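Have a look at the structure below before the remarks.
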Amino acid sequence: MSLSGALNTSLAGLTVTQQALQLVGSNVANAQTPGYVRKTIDQQSVATTTAIGVRMTAVTRSLDSIIQAQLRQETSGGGYADKLSELYQQLQTIYGTPGSSTAIDVLFSGFTTAMQALGASPNSSSAQSSAMNAARQLAQQLNSLSDTIQGMRSACEQGIAADINAANDALQQIAKINHQIATAASLDPTTATLMDQRDRYIDQLSQLMDVKVVKGDFNQVMIYTGTGFQLVGAQAATLTFNAQGTLTPNSQYNVDPTKSGVGTIMMTTPNGTGMDLIANGAIRSGEIHAYLQMRDQILPQAQTQLDEFAAQMSQGISDLTIAGTAVTVPSAGFNVDTAGLQTGNQVHLTYTDGAGTHNITIVRVDDPSVLPLKNTASNPLDRVIGINFAAGMGGASGVVAQLTAQLAGSNVTVSNPSGNLLQFVTAAPTTTVNALSETVTQTSLASGNAQMPLFMDGTSYYTSATTAAGSQRTGYAQRIVVNELVVSDPAALVNYSAAPPTLAGDSTRPDFIYNQMMTASFTYSPTTGLGGASNPMQGNLTTYLGQMLTQQGQNAANADSLKEGQDVVVNSLKQRMSNISDVNIDAEMTNLLTLQNIYAANARVFSTVQQMFDSLLKM
């Protein structure tokens, strides 16, 4: 090797060592910087015709891409679990601390206790007022619980809006840094720093939603949703969310934007193509998914549970079941007088044929736009039929014609003998009409029956009606109130007959209400999540409340357990990532001493060669 070659070799060594020293300085300076990844240089021996030297080939970030991908996936799961647990804890607080004066089960118990006391002292004005006030407190708490649930749903809308803004910022920054990296020099240390910054934005995005990161050419990355929709390529897509503000129980998500009452997340690609990410199930984890699940599933079901309780309680007190009258002409069967039947009220028909026993529920409907009603019967032989009573009994579109069409092939004949009578008789010896009855909402406080409209839907009677606006049951707990006539005259809780007047000391009505609340068994809708479509929950209201509160408490506990488990996984992966990527000051100081010695050695070679050149020149 010539002196010139030796000089070039030592100069190359000095240059590479200076570059390594610069990275050590950067590592030490950023030891506490969040998201900073330790950096080193890759160097390579270079041989020429005159010398063997060295050069830097790359600035390398110390990280494990497999662990990084796992951490991002689990970060999405952690964001989902943390937010879900937080929201569930908020939901738990609205039911009241068990045993507290505001707990819904305690208020219901207070109502039944007051009715029991009224039954023991029906003439006591104090007992009458106490029972009325207990009913009002229960109704008001149902209103408050519903308001809070809808307030939480509205807060979820706001949370989604904030997260979408944060996601858009991250997407734009990732695309911007992609462009900067593509145009930067490959050996420029700032390229590695830009990659650190990009990783921080990807990590932020992972907290909000599940994403996949695919590496491209020139150190660029492409970002996709977990289901494969591209968020970042050469440019970033734009996310928008049309928040609806204050939500109500009727504000439900629908894939049809013209029918949806809540906001949806749209993605617009750089070429202008739009896509509904919620309708396409593109977001399956992260904070946003937790907000969506709470807004569209968990909180609506909590509202449904309250609505079901309020509805069954109201109807348990107000609905009177009237058995049909047996007839033998023109053949065996029954008839009922539907004069008092209101929209939402029902006629129950039972008949037996060769296939078995059929239970038919006929629901009065006055709005034909909602027909046909959804058949909610759990038994294949049973049916729920909606009939438009507003069309009258006779005629081509009347009640009889509608029922005849619905019962075609059943060998049950329907007729209207007179007035508002509906008659069902057998039309074949192989068919038997077993029973007929109707359930009618009592609207009078002094009808002569123990049933009464104690609870109202605002100023309307609760009849479980279905109209184009939806089911009356939806959001009923938010609207339930005590009948103003009872508020102004609590004695109506006792006086059930005007002519003849209720006898002094007659406890018929308070005893009836108490028994309905405590011992009557109801069948609850599967939409409450308590029981299934084929085996809906049955039991008294106390049992229902207990199941509802137990389920909600268990769901909250499960969410908390999920959070704890996910936190362990995320923290474990973070520690593994930290062990690889974080700056170790002791290791950097050791490396610094090594580089100092290398630099000094290269400098000594350079100095020696220079001295030899000087000697040659003097000669």
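The values are calculated or read from the model by the stated rules, or taken from the named source; none is laboratory data. The structure displayed is predicted, hence computed values, not measured ones. So basically every Cβ, Gly included, is an ideal-geometry build from the backbone, and we count neighbours across all protein chains shown.
Data table
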item: Strands (runs of 3 or more DSSP E) within the stretch 211-279 that include 3 or more residues over 26 Å from Ile66 (Cβ atoms) and among the small types (Gly, Ala, Ser); result: none
item: Hey, Ala162 without any contact (Cβ under 8 Å) to a residue 24 or more places away in the chain and under 30 Å from Gly263 (Cβ atoms) or not; result: yes
item: Condition met for Ile181 (in a helix (DSSP H, G or I), closer than 30 Å to Ser26 by Cβ, of a type in the set (Val, Ile, Thr) and touching a Lys or Arg at 6+ places or on another chain (Cβ under 8 Å)); result: yes
item: Count of the stretch 483-537 residues which are touching a strand residue (DSSP E or B) at 6+ places or on another chain (Cβ under 7 Å) and surrounded by fewer than 16 Cβ atoms within 10 Å (Cβ to Cβ); result: 2
item: Among (1) part of a loop (DSSP other than H, G, I, E, B); (2) surrounded by fewer than 22 Cβ atoms within 10 Å (Cβ to Cβ) - the single one Pro122 does not satisfy; result: (2)
item: Complete set of residues in the stretch 314-340 that are part of a strand (DSSP E or B) and either in contact (Cβ under 8 Å) with a residue 24 or more places away in the chain or among the hydrophobic types (A, V, I, L, M, F, W, C) (or both); result: Asp319, Leu320, Thr321, Ile322, Ala323, Ala326, Val327, Gly333, Phe334, Asn335, Val336, Asp337
item: Members of the stretch 569-588 found to be of a type outside the set (S, T, N, Q) and free of Cβ contacts under 8 Å to residues at least 24 places away in the same chain, listed by number; result: Asp586, Ala587
item: Residues of the stretch 346-394 classified as part of a helix (DSSP H, G or I) and touching a residue at least 24 places away in the same chain (Cβ under 8 Å), total; result: 4
item: In the stretch 133-154, residue farthest from Met294 (Cα to Cα) [restricted to those that are free of Cβ contacts under 8 Å to residues at least 60 places away in the same chain and of a type outside the set (Gly, Ala, Ser)]; result: Asn133
item: Per-region count, the stretch 372-413, residues loosely packed, with under 15 Cβ neighbours inside 10 Å and at pLDDT 95 or above; result: 1
item: Members of the stretch 602-613 that are without any contact (Cβ under 8 Å) to a residue 60 or more places away in the chain and not β-branched (Val, Ile, Thr); result: Arg604, Ser607, Gln611
item: Enumeration of residues in the stretch 25-41 that are within 15 Å of Asp64 (Cβ to Cβ) and not basic (Lys, Arg); result: Val37, Thr40
item: Ser100 vs. criteria at pLDDT 95 or above, surrounded by fewer than 20 Cβ atoms within 10 Å (Cβ to Cβ), farther than 17 Å from Ala155 by Cβ and of a type outside the set (A, V, I, L, M); result: no
item: Leading residue by the ranking (surrounded by the fewest Cβ atoms within 10 Å (Cβ to Cβ)) among those in the stretch 225-258 that are closer than 30 Å to Leu306 by Cα and of a type in the set (Ser, Thr, Tyr); result: Thr258
item: Any chance Thr343 is in a helix (DSSP H, G or I), surrounded by 17 or more Cβ atoms within 10 Å (Cβ to Cβ) and of a type in the set (Ser, Thr, Tyr); result: no
item: Checklist (1) modelled with pLDDT of 95 or more; (2) crowded, with 20+ Cβ neighbours inside 10 Å applied to Gln204, failing item; result: (2)
item: Selected residue [within 30 Å of Pro300 (Cα to Cα), touching a helix residue (DSSP H, G or I) at 6+ places or on another chain (Cβ under 6 Å) and modelled with pLDDT of 80 or more] from Leu71, Leu87; result: Leu87
item: Hits in the stretch 74-93 (condition: crowded, with 19+ Cβ neighbours inside 10 Å and over 11 Å from Gln566 (Cα atoms)); result: Lys83, Leu84, Ser85, Leu87, Tyr88, Leu91
item: Single residue of the stretch 569-619 satisfying the filter (farther than 30 Å from Ala6 by Cα and of a type in the set (Asp, Glu)) that is surrounded by the most Cβ atoms within 10 Å (Cβ to Cβ); result: Asp582
item: Residue among Val59, Val24, Val37, Val28 that alone is within 18 Å of Thr190 (Cβ to Cβ) and part of a loop (DSSP other than H, G, I, E, B); result: Val37
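For every residue, the table says whether it meets (1) of a type outside the set (D, E, K, R); (2) buried (at least 19 other Cβ atoms within 10 Å of the Cβ); (3) in a helix (DSSP H, G or I).
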residue: Arg136; (1), (2), (3): no, no, yes
residue: Ala139; (1), (2), (3): yes, yes, yes
residue: Ile149; (1), (2), (3): yes, yes, yes
residue: Gln158; (1), (2), (3): yes, no, yes
residue: Ala162; (1), (2), (3): yes, no, yes
residue: Gln172; (1), (2), (3): yes, no, yes
residue: Thr190; (1), (2), (3): yes, no, yes
residue: Arg198; (1), (2), (3): no, yes, yes
